[in-house]
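What follows is a short report on a single structure.
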There are 2 protein chains.
Amino acid sequence: MKRNVKVSTAVIRRLPRYYRQLSELQESGVVRISSSALGKSMGLTASQIRQDLFCFGGFGQQGYGYKVDGLKEEIGEILGISQGHTLIVLGTGNLGRAIIQNFRFSTNGFQLLAAFDIDPAVVGTQIAGVPVRHADELEDFVAANRVDVGLLTVPIAAAQRMGDRLMEAGVRGIWNFTNYELACSRPDVVVESVHFSDSLLTLSYLISQREDMEENP
Amino acid sequence: MKRNVKVSTAVIRRLPRYYRQLSELQESGVVRISSSALGKSMGLTASQIRQDLFCFGGFGQQGYGYKVDGLKEEIGEILGISQGHTLIVLGTGNLGRAIIQNFRFSTNGFQLLAAFDIDPAVVGTQIAGVPVRHADELEDFVAANRVDVGLLTVPIAAAQRMGDRLMEAGVRGIWNFTNYELACSRPDVVVESVHFSDSLLTLSYLISQREDMEENP
């Protein structure tokens, strides 16, 4: 598919939301949707929807709207869902375990190959069918298997060290849940962080703003 | 503090990152930092830093940079960290439990009051010192205690129903981990969602883009 580069970060960040929204529409049996209805369901304007999707070659038809199936498939293609990405998890604490057990990797086009830890109580066991290996085996495993992404959920004190090991071992991306701002010295590796505190502080800000407005209208 | 409204969502989203970065600098003993050094550590330009902070009244001094302590405190104030927000958790599955046990609520200005579930095996117990109550008690609890935020980590099938109950009960904000796009009918309630899949799909996109570039340089 032709892409009208260069796409802004804001648009890229919205693509997964489109994909999620279209998946929900598809499950609800919606076949076709107008840009204004799609926008309304996502808190965006129809014009923003059209602009966003135009960045990727412009689907949709004037006066007809978007075919839910087709648009979902095209966005999924752009997001690389069909590329069969692979992933390993570093750290099987509460959060690592929660993600291994509950996150729908395959729906997002990822195959979870293995988890790594140093705790003798978990090494050698399985979590939801996923084998837990010793962290010492990390480099050998990545050398022997194509691993696209390393999910990092180790204690903060080990975050940079384990992140560096993942990068050196040759992963293409790190999905960082450590709440630590990883330094990335390799231009060929992408770091994507989920910072819970950033999200809660945004909520804190928005609530505080409203309180101010109510007190000083 | 005087604020130059209206502040864009992008700037608001960056404020917690500033706060986090300044906290790390403070812990490393850094007293003063230039906008360019602060920018570099965050992947932003010096000019963007100055613009962002100007939105909130403009701190910093030409040729001198920013005092780390003072700037951190002011941003914390803007984020409402000193307001003593309170929070309850709905759902004590793996993820709820991980967050209760590991997330540093107090560092982010939040006090975790209680958790709620329907599983008889956990109701009446404590998780990391936090009492787990039955979900039936939710409305009474919120009526008797000032609860600012409800953290939602229930199964997706119960997400909207429990979100509605939180809104009706009178919380100001919902911190949504259900991976469900909550419909919010109350203009006085803020919903902030953490969608793991959006983050992974963004990473998937960025990796796929690089693969394309390597194959078709």
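The values are calculated or read from the model by the stated rules, or taken from the named source; none is laboratory data. All figures in this text were calculated on a predicted structure; none of them were measured in a lab. Ideal geometry is used to build each Cβ from the backbone, glycine not excepted, and the neighbour counts take in all protein chains shown.
When you check A:Ala98 against the structure, is it over 15 Å from the mean Cα position of the chain (by Cα) and modelled with pLDDT of 90 or more, yes or no?
Yes; evaluated as a whole, the condition is true for this residue.
For A:Val189, which of the numbered conditions (1) away from chain B (no Cβ under 11 Å); (2) more than 30 Å from B:Gly170 (Cα to Cα) fails to hold?
A:Val189 satisfies every listed condition except (1).
Can you find a residue that is outside the structural domain of B:Ala98 (by TED's automatic domain parsing) and among the β-branched types (Val, Ile, Thr) anywhere in the stretch B:205-215? So that I can check it myself, show each step before the final result.
Of the residues in the stretch B:205-215, the ones outside the structural domain of B:Ala98 (by TED's automatic domain parsing) are B:205-215.
If we keep only those that are among the β-branched types (Val, Ile, Thr) too, we end up with B:207.
Scanning the stretch B:205-215, I find at least one residue that is outside the structural domain of B:Ala98 (by TED's automatic domain parsing) and among the β-branched types (Val, Ile, Thr), so the answer is yes.
Report, by residue number, each residue of the stretch A:82-92 that is more than 10 Å from chain B (Cβ to nearest Cβ) and buried (at least 23 other Cβ atoms within 10 Å of the Cβ).
Hits for the stretch A:82-92 are A:Ile88, A:Val89, A:Leu90, A:Gly91, A:Thr92.
Name the single residue, out of those in the stretch A:180-217 being of a type in the set (Phe, Trp, Tyr) and touching a helix residue (DSSP H, G or I) at 6+ places or on another chain (Cβ under 6 Å), that is nearest to B:Ile207 (Cα to Cα).
Checking each candidate, the answer is A:Tyr180.
Looking for whichever is at pLDDT 90 or above and closer than 22 Å to B:Arg13 by Cβ here; the options are A:Val171, A:Val147, A:Val191. Which one fits? Break it down into steps so the answer makes sense when it comes.
On the way: A:Val171 fails: closer than 22 Å to B:Arg13 by Cβ; A:Val147 fails: closer than 22 Å to B:Arg13 by Cβ.
Checking each option against the conditions leaves just A:Val191.
Which residues, counting only those in the stretch A:113-132, are away from chain B (no Cβ under 11 Å) and either in contact (Cβ under 8 Å) with a residue 24 or more places away in the chain or under 20 Å from B:Asn179 (Cβ atoms) (or both)?
A:Leu113, A:Ala114, A:Ala115, A:Phe116, A:Asp117, A:Asp119, A:Val122, A:Val130, A:Val132
If only one of B:Glu168, B:Glu211 is touching a residue at least 24 places away in the same chain (Cβ under 8 Å) and acidic (Asp, Glu), which one is it?
B:Glu168
Filter the stretch B:93-112 down to residues that are of a type in the set (S, T, N, Q) and in contact with a helix residue (DSSP H, G or I) (Cβ under 7 Å, 6 or more places away or on another chain) and give me whichever is nearest to the other protein chains (Cβ to nearest Cβ).
This residue is B:Asn94.
Does A:Leu113 count as modelled with pLDDT of 95 or more, in a strand (DSSP E or B) and under 30 Å from B:Gly43 (Cα atoms)? Walk me through it before giving the result.
Values: modelled with pLDDT of 95 or more: yes; in a strand (DSSP E or B): yes; under 30 Å from B:Gly43 (Cα atoms): no.
So A:Leu113 does not fit the description; no.
I'd like to verify a number: residues in the stretch B:93-121 that are buried (at least 16 other Cβ atoms within 10 Å of the Cβ) and either outside the structural domain of B:Met167 (by TED's automatic domain parsing) or charged (D, E, K, R) (or both), how many?
Going through the stretch B:93-121 one residue at a time, the tally reaches 2.
If a residue counts only when it is within 18 Å of the chain's Cα centre (by Cα) and either acidic (Asp, Glu) or surrounded by fewer than 16 Cβ atoms within 10 Å (Cβ to Cβ) (or both), which strands (runs of 3 or more DSSP E) contained entirely in the stretch B:122-214 have at least 1 such residues?
Ranges flagged: B:190-193.
Does A:Leu182 count as in the same structural domain as A:Gly109 (by TED's automatic domain parsing) and at pLDDT 95 or above?
Answer is no for this residue.
Kindly provide the set of residues from the stretch A:183-207 that are touching an Asp or Glu at 6+ places or on another chain (Cβ under 9 Å) and closer than 25 Å to B:Gly109 by Cβ, ordered by number.
A:Ser193, A:His195, A:Ser199, A:Leu200, A:Thr202, A:Leu203, A:Ser204, A:Leu206, A:Ile207
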